[in-house]
Each structure stands twice: as structure tokens, then as C-alpha cells.
Amino acid sequence: MRLCFPVAIALAACAVAAAALTPVLAAVRPPKLQYEITTLPNGLRVVLSEDHSTPIVHVAVWYHVGSKNERPGRTGFAHLFEHMMFKGSKNVEPDAHTSIVSSVGGRSNAYTTEDVTVFWQTLPAQYLPMALWLEADRMATLRVDDIAFRREREVVKEERRMRIENQPYGRLSEIIYDHAFTTHPYKHPTIGSMADLEAASIADVRDFHGAYYVPENATAVIVGDFDGAQALQLATQYFGRVPKAGRRVPGDIPTEPPMKSGRRAVVEEGWPLPAVVVAYHVTYDGHPDSYPLHITSKILSDGQSARISRELIYNRRLCLSAFGSGNITEHPNLFFAVCIVQPGQTPEAAEKALIGEFEKLKTEGVSAHELQRAQNQFARDYILSRETNEDKAMHLAHAAVIHNDITTADGEFDIFMKTTVADVQRVAKTYFNESNRVVLHVLPRETGR
Amino acid sequence: MSNAQRPTPNAQPVRCQSLWKLGVGVLGVVLCVSAASAQLERTSDGRFVFWPAESPPRPLQARSVKFPPYEVRMLPNGLQVITVLHHEQPAVSMRLLVRAGSVQDPPGKVGVASLAASLLDQGTVTRSAQAIAENIDFIGGALATGSGSDLTFVNVVVMEDSFDVGMNLLADVARNPAFAAEEIERQKQQAISSLQVSGNDPDWVASVLFERLVYGFHPYGLPNSGTPETLSAITRGDLQQFHRRYFVPNNMILAIVGDVTSEQAFAAAERAFGEWPPAEVPPVTVVEPPPLTRRIVIVDKPDAVQTEIRIGQLAIPRKHDDYMAFDLAVKILGGEGANRLHRVLRSERGLTYGAQADTEARKQAGHVVAETDTRTDTTGEALRLMVEEFSRLQRDRVSQNELSDAQAYLAGSFPLTIETPGDIAAQVLNVVFYDLPVEEIGTFRERVQAVRPDDIQRVARQYVRPDRLSIVLVGNAAAFVPQLQRLGFTDVEVIPIEELDLMSATLKRDTRRADSFGPFGPSGPFGRVRSGRLTHGQTQGNPRVNVPKGRKNASGLSNGRLVIERRIKSVTFKTRIDEKLVDQPL
């Protein structure tokens, strides 16, 4: 769910608000996105959205494959494969994609999530044909070279060391998901494990490209300064010649069985301060309950006046940093709260306080004032996250790929604005229960040099 | 449309000649093969496809690129006001810059500017901290404060119907902070706990120690968030004095950006700040950065799986005639469009996820820094290769092609740097803040293209000193120091991470236990170690580091705020324009 990232501001905190004194204020409505969506004969979807304010264009290709599509023993492969897409195709030399784009003043990159793999470039507008040509070339004719594969695997292992293993709290997400899931591949991190990365082979690369990197599984989104008819003609020209796979894209992913009772665990890591996690299994992106859950994230931790910020950081000084929010994705995922425990405070107190916040949502609900604040914050996020072509492409593609309904890119605004305090309380009662809860204490490891 | 469609005229191969002009000449060999017709190609899963051999298609007609309109005015009290109007989204952002940061910290009180900035929104004389938070959150706005070495900022963003509310709030937190005792205590605790976390992060430790080596006791070399000791010593009076001295309208720049009219913006600025009287700003005197000296400092973190590497030296300040040429030279070493370090370390050898070099040019001075991280057992090799790239840049003339690639990116990406009103405002703020001629924005591309290989050679010879580099490595010292010695890096200092003290002349905390045995016995595993030996104990100690902007967008604790990110990006590129102005929130 793209619209739900909070504006990145350091969380300090704040105490009780004079709710009754503040007038009710309706959210400012963001302008609607203008777009066209077309499906080419080979199954590739093309989304076009013109924006002539700056002479640049953004081209993103979303493949509907992420780490949840990985088979056991091959965790991290979707992302490793993403790296291989920069290793050349019939008309493009290894590592040349990036330099061709930068040589015209453009930027390019890619990322992998649990659900999708996204390749993008932003360029001066006149280079739109080049971007489409580059993406089509690697979709159809990726080069698969064993030496390049082995070298890139080392790069990805360094990436894992850098992002996950070598910095404080880098493994926190990995620890949470490993304890919370038993079956569904959300259990493992997108970056994968070292052992699985090492086990991956060149044959896996070929299979993965053949299975998932096909037009039927791809959505190209083009946003920026172009003529719509010409852009569609160019997209058709370059992507249209990629052959369709003609067979079903694999999509059998095991479902996570409901928890029978709550779980808890205590683990040790070489981090300076303890971390406490309280997590609940929740629903998927687009489910009616997902909207009140997003509202709940805001009420708990968006801004210094949000409940967890105010209570746990500011008033009680229990946590150096804390939040509670839903990671709502294509398949059912988690809503979790984290507290990095201040020196002098105990993990037990932090756990009690975090659970207390969830219980309060169930027993007392939220106020109309808090709901209105969350809705105003939503409107802000809608507006501020639609400034760039890249932002707009992300919203359109997310709606088209994850919801399989591009109208949700704008349509969700009304759903959020119509959410009621009763919805928020009902959803809290549905999910924030002891039998559905995972509690973790991650304690500093005694090192002793 | 047929899948095997033949290329249309638009897809005809361009000639090698025009490819060179595009700056992709180095790739041209294969791209320029004849491409008259489609060939049968086998796909990865064994099917066959007709796919032409061809070069990238010709560009469409180029659009004209103009820097969007903006206005700069000065109020009678000296406040500089910049407006950039933009009406696509119904939002307005305001950025207030104060020309004072950690450089203005009183002697021995490192952290005053940073603590003062963190307290601006924690209560004014008429509003409590909670009232400010409730106010900005409820209207769907956002407010952030912070500081760097040369500046302090307050950023506010609101929806257009709350413009006046936002402006009043901005003026109140900038002009009337209460610095209440209780809030000071709370922010000190936050800052000290954050230091405990960042002091364990090799990335941050490497960055702050590197700056300490380059700048010595010049304020740019000191941790601007303070240390537990200096923070504890800061009084309410220190904060009030800092605010009284430097928060005056003639020492500030205000940018108003977004969905307002010019009249509305200037009228609001006048209303909120107009009657604030100007005052003389006391000058500061600081010590000079030390002369360039070769120094290799290793911070030992035995549980590290990677080594963080920083290599660089003092260079030139932002306002300098050689800035453009020097910046391009550094981009050839490790920036977008070129990046020898990335090629040598990542593409050719798979030693790292990312390697880059940056010009970090500030008001008073500047430096060049190259950085990477690599696994412990390739630390020596990575260090050798990076030092060699500094030598090569200084020794060998760059080719026209390599320079052209760097220029093509820098000049060509200009339209990408004016996409949002915030981007535009950041560029104007940059020239105003650094006292550069405002025409520089409009002539940017011409100035980039005017640089010649001779210019690069001249600045490289003049400023780059490969024999006098400051080098920091943070990692598992016992495992990689022998590698360094085999490669001739013998003159190294090793400091256990918990004994690092940036405020000390020796960089080491005074432990009074210097003779204790390390885990490797009394002599340690190292031959010629100049100072510092691995010692037991000191689990209480935390190195004194500031909280610089993390270069990594990953999970972890950033500025005390937990970031959990599960998505993984593949190629690293920084999109920074100049110094830190653009990196600020909002």
C-alpha cells in the first residue's frame, strides 16, 4: 500500500491534546490522476499518464514476482535475479543499461519486494524510445552468463552484509518474520539467506526468467512529458515484439495457517539497546479491513501527537524510538509495534505498554478527533506522494498490479475518508488478540571483549 | 501486432558516430554491429523469437529546458525570502534556514546547535510541545527541525488552506522557543541514547571518525550532535544564548514553495517576520584544519562481518573557482555517469555492493571522500584498489571520453533536478546560502560542458595528494590487519570501538588500563601498531559520534527513528545536488 508511508520526520513526542478545542477540518482533496491503460496482444499492460510540467519521463516495468514466489532453498533469488537483469541482453552489453541511461542524463535502478520486482528509469523526455527499447531487450533476450552470475552473487552477499548483518537492528525485520510465519514465504526476508544465495545456480536464472519475465506478467507504466498516442505506438513497437509465454505464470503459494495460540520468544543480538516487538497477523492489501488498519497505524504513530509517540516516547520515556504500523501487502501480513527500550527501562514494561495500546484500541476505541487527524494526514500523504512522475507511476502500478484494479489509485481516497471510529474498533477486535499475537524480546548479547 | 515485427524506421540502428555523441562510445563496439534484420533468438526458456540486432533508437525531438521562475526578495530587516510557485498539488512548504550550526557551538560545548534545533518545536513561550504537535498533526501538516555544521533549519509543510497556520507556527518555533528545563532533559536523554546506538553502527562511526581525521579540532571535525559529556554540560543559558545570537532575521533565509501566489507568500513572510528587528551577528573564530597528513586508523569491532572504509582528504570549500572542475574530477573517481571505483570494486571484482566518491564542500572548507564496504577477507584488496584510484586520478590525464560521460550525466540530468517545487527551491537556497551568483543556476549546463581534460588534470594535481590520505577502516581488525601489512599499509593505529573518543587528541578514551592484555595476548596480532592496543573491558563506553545522514536506505535506526525496510534496491546512486540542503526532510 503505497499511500501509507509516513512523511519522514524524526519522531519526538507530545502529550495530551486539547481535542475539544480544535475545530473539525475536512481534508483537502488531491487532484485525480489522469491515465490510460491498454493491454497489448502479448498480454503486457501499458499505463500512460501525461504530465508536461517538466521535460522528463519516467518508465517503470513491474513484474508480478517477488520473494514470496521463491521456492524453498532459494530464498533471495527474486532479488538476485533482479541484479542479473543488468548483466546484458542481446543488444546491450553487461552493465551497459545503467551507463547508457546515465549518458543521456537519466537515472535508472530497480528494487524487489515480497510481491513485485520493479525496474525504472527517469530520463529527459526525448529519450523515451531508448528506455522502452532497453526494457524490451532484457525482457526478451536476457544474457545468462555463469561468470557474471557468480560475481553478482558476491555483490548481493555484500548487500546482505551491509543492509542486514552489519548494522544495529538490521536483522530486526528478519527476526520478526521468522518467528511470526511458519509456512507462507513472507517468513523469509527478500534479501534471502547466505546459504540459499550460495546454492542458486545459472539454471535457476534461466528458469526464473522464462517463468516470470514474460509480457503476461508485466506492467509498463510511463509517466511524464510525451504525446499519448506516440508513446503508445512506441510501447507497442518495442514491447509488442516480445513473445508471449503462452502458459500460465506460476502462482501457487502456500497459505499461512491461523495461529492456534500466541507465541513468544527471547533472542539475543549484538545490539546496544533491547528491542521489544508485539506483532499480530492481519489481512491483505485491498481487503475492507485493511483501510481501518492503515488508519490505526496513523493513530498509533504518525506524528508526535500519535498515541505511541506521545505515551511511550514522550510521557513515559520508555522507548528511544517506537511505532506501531501495518505492513499490508498482497497476501495477509503483520501489524507490529516495536520499542527500542531506553536505558534504565525494562523490556517487560515496554511489552506491557505496547500491548496496552492495542487493548485500548479494542476497549475504548479511538476518538472522532483522532480519526479526523488520521484522515487529514492521509490527505497530506496522498498529495505529497504524488509530486514526481515516479511517485505517480508507483501509485498507478501498485493499483494495477497488486489490486488488479487501477481505479483504486484514486478510489481509495474516499474509502479512507468514509472510515468510521466503529470500523477502527471492530478491526482492532478482529485482529489484536492474544491467540494471534507474537511477542519478541531481542536483548543485547553479552559480549565481553 | 506481430511478435516478430520488423524494426520500424524509428528503431533503425543509429551510426556509431552519433553514439559517440550520445556519450556511449565505450559501449559502441557491440552496439554498432549491423542490424538490418531480425534474427532468430533463443529465449531463456527455450523458445525462439525473432529479435533484431540493433542499437538504441534515436531520441525524439528535444524539449526546451528552462529553470522555473522564482523570486528572491529581502525584507527591510534583512530576512531573505525566496518564493517558488507551483500549483499542481494543493500543498505549501516553508523552509527556514539559519546561518548557524555546530560551527557556532561554544568552545567545549559541542552539541549546542543540535540540541537547540531539537528543542525548537518542543515548546514556545505560548505553546506547549504537545500543543505544537497536536496543531501540526491535526491539520495534516508536518514540521521538522535540525542542524548541520553551518546551518539550522525548520521545515513545515501544510495543505494550501492551512498556509497561515503553518507560517505562524514556523515563526513561533523559530522566534520564541521556551527551552523548558523538562524538555531539555528529555531531548538530552534522546540524544545520548541515540549516540549509544549510532556508536555501534560501523557506517556512522567510520564517517564521523573520517571527518575528525580530516578536520582535526576544526568544528567540521567534531561530532555535531555532541557527546554524552558535552551534552550533559550544556545549560539552558547556552541554548538561549545560541538562539539570541544567531536567530536574527538578517541571518536567515526563508523559502516558500508551492500552491500560493507571490503576493500571499511575501505578505505572509512580512506578517510573520517583518517586525522582528535585525541584530549584529557575532563572528566566530575557529581553528584551522590540520595540514594534510597520511594517517590510517582502524576501529576494531570484532563482531563485524564487513569493513567500512573511508578514504579522502581536505579539498576546497563550496565557493571556489575550481569547484566545478574538482567536482567533475571526483565524479570520474566515483560519481554518477562515470565512477571508476564502482567499476573496479563492484563490476569487475564483486567486492562490494557500492563504492562511490563525493565532494563534500561546505562554507569554510571541503573534503573529498571515497567510501565502500567489503567483507573482512577482502578489506586489504579493496583498500589497495581505492588508494590506487586516487593515485591514478592525480597521475594520469583523464580521457576526453571519460570526462564527456561524466559531463553528459551532470548536464543532461539537469531537467531531472527541477521536477518538484522542493527541488527547485533547494537549488535557489543553495546559491543564496553559499553566496554564489544566482546566474549560476541558469548557466549550469554551459559551465559543466566548458570543463576540459586539462582542467581536470590541473585540479587533480593541485588538490589530490595520494600520499597524504586520511583512511578509516571499521571492522574486525584482527582478521584484516595482516592483509594490510602484506600490502604495505603498516603504519596503522588500532582503537577498540568502545574506546574511541573523538574529543581526545589521541582519539582514545583515557582508560588508565592501557597495559592490559588484548584477546591476542600482550603483543597482539599486529606488528607495528603505532598506538592503541586491543584491550579488555570497557563495555560501558560508547564512542562519541554524531548522527549523520545515513547513506543506506535500509533497516536500522536513523536519527533515533527506526526504519524497517524490506525492499531491496539494486544499484546505488545518490541524487544529491549540493551539500546537505537537499537532504533535509520535506
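Nothing in this text is a laboratory measurement; each read-out follows from the coordinates by a stated rule. Only a predicted model underlies this, so the values are computations on that prediction, with no experimental measurement involved. Neighbour counts run over all protein chains shown; Cβ positions are idealised from the backbone, glycine included.
Computed over the Cα atoms of region B:371-493, what is the convex hull's projected area averaged over all directions, in nm²?
Dividing the Cα hull surface by four gives the mean projection, 10.6 nm².
How fast does region A:36-239 diffuse by Stokes-Einstein, in µm²/s, taking the Kirkwood radius from C-alpha pairs at 4 °C and 1.567 mPa s?
For the chosen part, D equals 73 µm²/s.
Would you list which aspartates and glutamates come within 12 Å of A:Lys429, measuring only between C-alpha atoms, while excluding same-chain residues fewer than 8 positions from it?
Partners within reach: A:Asp289, A:Glu359, A:Glu364.
What order do you get for A:Ser385, A:Ser102 when you list them from fewest to most C-beta neighbours inside 10 Å?
Going from least to most buried by this count: A:Ser385, A:Ser102.
Quickly work out the A:Asp146-to-B:Asp164 label distance, labels modelled 7 Å from Cα along the C-beta direction, and quote it in nm with one decimal.
Inter-label distance under the simple model: 7.4 nm.
For helix A:389-401, what angle does its Cα long axis make with the longest principal axis of chain A, in degrees from 0 to 90 and rounded to 10?
90
Might you report the magnitude of the Cβ-based charge dipole of region A:284-383 about its Cα centre, with Lys and Arg at +1 and Asp and Glu at -1, to the nearest 20 debye?
400
Expressed as a whole number of Å, what is the distance separating the alpha-carbon centroids of region B:238-270 and region B:389-436?
Using only Cα atoms, the two centres lie 29 Å from each other.
Roughly how crowded by other chains is peptide A:122-133, in terms of the mean Cβ count from those chains within 10 Å of each of its Cβ atoms?
6
Net charge near B:Pro249, counting Lys/Arg +1 and Asp/Glu -1 over other residues with Cβ under 14 Å of its Cβ?
Here the count lands on +3.
Tell me, what is the Rg over Rh of the protein assembly as shown, with Rh the Kirkwood radius over Cα pairs?
0.94
Set the bar at 22 Å for Cα to Cα. Now go through A:Lys360/B:Lys188; A:Lys392/B:Lys331; A:Lys187/A:Lys362; A:Lys157/A:Lys187; A:Lys298/A:Lys418; A:Lys68/A:Lys298 and name every pair that lies beyond it.
Among A:Lys360/B:Lys188; A:Lys392/B:Lys331; A:Lys187/A:Lys362; A:Lys157/A:Lys187; A:Lys298/A:Lys418; A:Lys68/A:Lys298, the Cα-Cα distance tops 22 Å for A:Lys360/B:Lys188; A:Lys392/B:Lys331; A:Lys187/A:Lys362; A:Lys68/A:Lys298.
Counting Lys +1, Arg +1, Asp -1, Glu -1, what net charge surrounds A:Glu311 among other residues with beta carbon under 10 Å of its beta carbon?
+3
Order these peptides, A:239-248, B:100-109, by their mean beta-carbon neighbour count within 10 angstrom, highest first.
Listed from highest to lowest mean packing, they are B:100-109, A:239-248.
Roughly speaking, what is the centre-to-centre gap between region A:235-298 and region B:97-146 when only Cα atoms are used, to the nearest Å?
Centre-to-centre (Cα) distance: 37 Å.
Which FRET efficiency value, to the nearest 0.05, do you get for B:Asp321 and A:Val266 by plugging their Cβ-Cβ distance into 1/(1 + (r/R0)^6) with R0 = 60 Å?
The formula returns an efficiency of 0.50 here.
State to the nearest 20 debye the size of the charge dipole of the protein assembly as shown about its Cα centre, where the only charges are +1 on K and R beta carbons and -1 on D and E beta carbons.
1680
I'd like the FRET efficiency for B:Glu288 and B:Asp510, computed as 1/(1 + (r/R0)^6) with the beta carbon distance as r and R0 of 35 Å, rounded to 0.05.
0.85
If exposed means no more than 10 neighbouring beta carbons inside 10 Å and the site is in a DSSP loop, what's the longest run of chain A without any exposed GluC sites (Glu not before Pro)?
A:1-363
Would you order B:Trp204, A:Trp271 from fewest to most other beta-carbon atoms within 10 Å of each residue's own beta-carbon?
Ranked by crowding around the Cβ, least crowded first: A:Trp271, B:Trp204.
Between region B:156-219 and region B:459-477, what's the alpha-carbon centroid distance in Å?
Cα centroid of region B:156-219 versus Cα centroid of region B:459-477: 30 Å apart.
Pull up all non-local amide H partners of B:Thr372: gap of 5 or more, or a different chain, and H-to-H distance under 5 Å with H placed in the peptide plane.
Answer set, sorted by chain and number: B:Ile309.
Which whole number gives the average count of other chain Cβ atoms within 10 Å of the Cβ atoms across peptide B:202-214?
Counting Cβ atoms of other protein chains within 10 Å of each residue's Cβ and averaging gives 1.
Please grab the % of Cα pairs in chain A that end up more than 36 Å from each other.
33
Within 10 Å of each residue's Cβ, count the other Cβ atoms and sort B:Val65, B:Val208 from fewest upward.
B:Val65, B:Val208
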